[in-house]
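Right, one structure below, let's go through it.
Read the figures in this text as sums done on the coordinates, not as results from a lab. The structure presented is a predicted model; accordingly, all values stated were derived computationally and were not measured. Cβ atoms come from the backbone with ideal geometry, glycine included; neighbour counts cover every protein chain shown.
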Amino acid sequence: MFEIVFLGTSASAPSVQRGLSSAVVLYREHRFMIDCGEGTQRQLLKSGLGFRRINKILITHSHLDHILGLGGLISTFGRWEMIPEVEIFAGKAALNRIQALMEVVFGPGKMPLKVTYRQVKPGIVMEDEHFTLFAVPVIHRGPDCYGYVFQEKSKRPFLNEKAEEIGVPFGPERKQLVSGKPITLENGRTVYPEEVLGPPVPGTKLVFIGDAGSTANLVEVSREADALVIESTYLEEERELAEAFGHLTAAQAAELAAEANVRQLILTHISRRYRASEVEAEARAIFPNTVVANDFDHFTVKRR
């Protein structure tokens, strides 16, 4: 299960109702910030999340409305000494711009805390025993644009009835079998994990795409996702503008969700030129389980 809290859902510039792009994905002990537009640190405080454990920041691309809040956020982290180290994950072009931004804010070689820059390439960004975080290339204006896939690892359910039939006692023996190791019973019989574990059950999948100008390479990436978060900057009536500026319409996002058979579509990066209800209506006509995210909306993403 993943949770998402949206901090900013506006496209390009803030509006009265919407801040600039940022969200936080929560999973177990992890808190991943995705993008950090201007004003994000105030949004963090208003959301109730606060700064605690925000030490991994995933950047989708180098445009200022997605990175300009980093200077203020890092400054606050350093001043209040709340977080000793921050890791910033981004493509090469975005990292270059972020490092230049930090030099403007703090001066060359001067940082208020340890910041580690990690260059993202397609593939695994990080992994532990519970989940894998992948970076996927996205077509937008400029190089090195990425989306992120959060994928829980498959689990094999423990078959209690089968274990009781074989005579596996309650306790550490069952834990050992779940971990994939055989055990030996008091009667000398060896019990192997496959005897008491069911078929693998896929874990929850969350796909988070920032700005995108095409969905052609995102269908398989998004396939069977429990939630797909993606931009919806324009409506179909302005499809030509969307193409000119490397963005999507609500209909295009919905078509992707339908083709990839996702469970829920969550739209963000909403232009001030539209009402949320208009964006939602266009997408729902194609993919009914669509919602437009608002600032501070909190979603729980579970396996279908």
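How much length, in nm to one decimal, is gained on full extension between Arg141 and Arg273, taken as 0.36 nm per residue of separation minus their Cα-Cα distance?
Result for the pair: 45.4 nm of gain on full extension.
Whole Å is fine, so just give me how far the alpha carbon centre of the range 117-174 lies from that of the range 206-233.
Cα centres, the range 117-174 to the range 206-233: 19 Å.
Given points 7 Å out from each Cα along the Cα-Cβ axis, report the Leu45 to Lys114 separation in nanometres with one decimal.
Once both label points are built, they end up 2.8 nm from each other.
Sequence-distant or interchain residues sharing an amide H contact under 5 Å with Leu248, placed H: which?
Under 5 Å from the amide H of Leu248: Ala212, Thr233, Tyr234.
Rounded to whole Å, give me the distance from the Cα center of the range 7-43 to that of the range 50-110.
13 Å
Rg and Dmax in Å for the range 21-139, alpha carbons only: what are they?
13.7, 39
Out of the GluC sites (Glu not before Pro) in the range 57-159, which ones are loop residues according to DSSP with at most 16 other C-beta atoms within 10 Å?
The qualifying sites are Glu81, Glu129.
List the residues whose amide H sits under 5 Å from the amide H of Phe287, counting only those 5 or more places along or on another chain, with H placed 1.01 Å from N in the peptide plane.
none
With Cα extents along the principal axes in Å as the read-out, I listed [x] 66, 42, 38; [y] 92, 50, 34; [z] 71, 51, 33; which label goes with the value calculated from this structure?
[z]
Using DSSP to call loops (not H, G, I, E or B), can you name the GluC sites (Glu not before Pro) in the range 194-254 whose Cβ has at most 16 other Cβ atoms within 10 angstrom?
Counting only loop positions with at most 16 other Cβ atoms within 10 Å, the GluC sites (Glu not before Pro) in the range 194-254 are Glu224.
Note down the nm distance, to one decimal, between modelled labels 7 Å out along Cα→Cβ at Glu236 and at Asp128.
In this crude label model, Glu236 to Asp128 measures out at 4.4 nm.
Kindly work out what percent of the DSSP beta bridges joining two residues of the chain are antiparallel, to the nearest 5.
Bridges in the chain are about 60 percent antiparallel.
What distance in nm separates the simple spin-label points at Phe296 and Glu87, each placed 7 Å from Cα in the Cβ direction?
3.2 nm
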